[in-house]
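Enquirer: Quick one: this structure, given as C-alpha cells, is what I'll be asking you about.
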Amino acid sequence: MAQTAQTTQMGLIRVAVIADSPQVRASLQALVETSPAIGFAGSAAGVDLLADRLVGSVPDVIVIDMEPETSDTLKAALDLGHAPPALVVLTDDADSDWIVAALAGDAMAILHRDAMPDEIVASIKAAAAGLCVLPPETLERLLAERKPPRQMASGIPFETLTLREIEVLAMLAEGLGNKDIARQLDISDNTVKFHLSSIFGKLGATNRTEAVMLGMRHGFIMM
C-alpha cells in the first residue's frame, strides 16, 4: 500500500507527484518508492486534488509533469501550505518564458521528460537540499540575463578559489548538503560553513544556487 504523508518514515524526503496521466503518476510513484532516502507522500492530477489527499500536510518535494498550458500549476504548488515545497518539473518546454519566469530563487529542478530515472532521483535530492537543477539552455539564458556581480561591475577582479573551495563548490553543484560534504571531505560542519562563506564572498554570491552558477561561469566547475 502506498505511503501517505502521515505514514512516511521520519528522515525520508517526502515526495508527492502531480501529473495528468495516470500512467505517468504510477511510473513516478514506482520510481520514488524504490529509491532509498525518499518516501512517497501521494499523487494527484492537480494541486487541489493533491492538497485534499495530503490533508494539510506539505511534502518536501513535488514532482510535476507539466504542459505549457498548465503553467499556473507552478504557482499553485508553491502556495501549497505555509512552507512551500521544492519543485521538480518535467517538461518538453524547458526554455520557455513561463519556466524562466517561475525561477524566482526557489529550490527547483527542471528536467526534460526523457530524463533518466537516476537524473530525476538526483534532482529530487538536490531540490530538497535547496539547490536548482537546470537544463543547459535554461542556465545559459539565466546567466545571460543576470547583471555582473558587484565585484566585476566595479572593475575589481574576483579572488580565485582554493583547491578545497573548488571541491566544496563541485559538491554543491552535485546537490550535496553540508553534512554530506563534511562526511566526504572528512571535515567538520563548521569548516564546511567556513568554506561556503569564503566561496560566497569571493564569487559575490548570495546563496548556494548563485554560487554554483557563478562557479560555472568562471570555469571553476563543469556540469
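The values are calculated or read from the model by the stated rules, or taken from the named source; none is laboratory data. If you're wondering where the values come from, they're calculated on a predicted model, not measured in any experiment. Cβ coordinates were reconstructed from backbone atoms using ideal geometry, including for glycine residues, and neighbour counts include every protein chain displayed.
Enquirer: Taking residue 208 as meeting all but one of (1) buried (at least 16 other Cβ atoms within 10 Å of the Cβ); (2) at pLDDT 90 or above; (3) charged (D, E, K, R), write down the number of the exception.
Expert: All conditions are met except number (2).
Enquirer: Shifting gears a bit: For segment 1-38, what are the residues that are surrounded by fewer than 21 Cβ atoms within 10 Å (Cβ to Cβ), in contact with a Leu (Cβ under 8 Å, 6 or more places away or on another chain) and at pLDDT 85 or above?
Expert: Scanning segment 1-38 gives a single hit, 37.
Enquirer: For segment 70-83, state whether one or more residues are modelled with pLDDT of 90 or more, outside any loop (DSSP other than H, G, I, E, B) and buried (at least 19 other Cβ atoms within 10 Å of the Cβ).
Expert: No, there is no match, as no residue in segment 70-83 is modelled with pLDDT of 90 or more, outside any loop (DSSP other than H, G, I, E, B) and buried (at least 19 other Cβ atoms within 10 Å of the Cβ).
Enquirer: Considering segment 120-136 alone, what residues qualify as being out of contact with any Cys (no Cβ under 9 Å at 6 or more places or on another chain) and in a helix (DSSP H, G or I)?
Expert: Selection gives 120, 121, 122, 123, 124, 125, 127, 128, 136.
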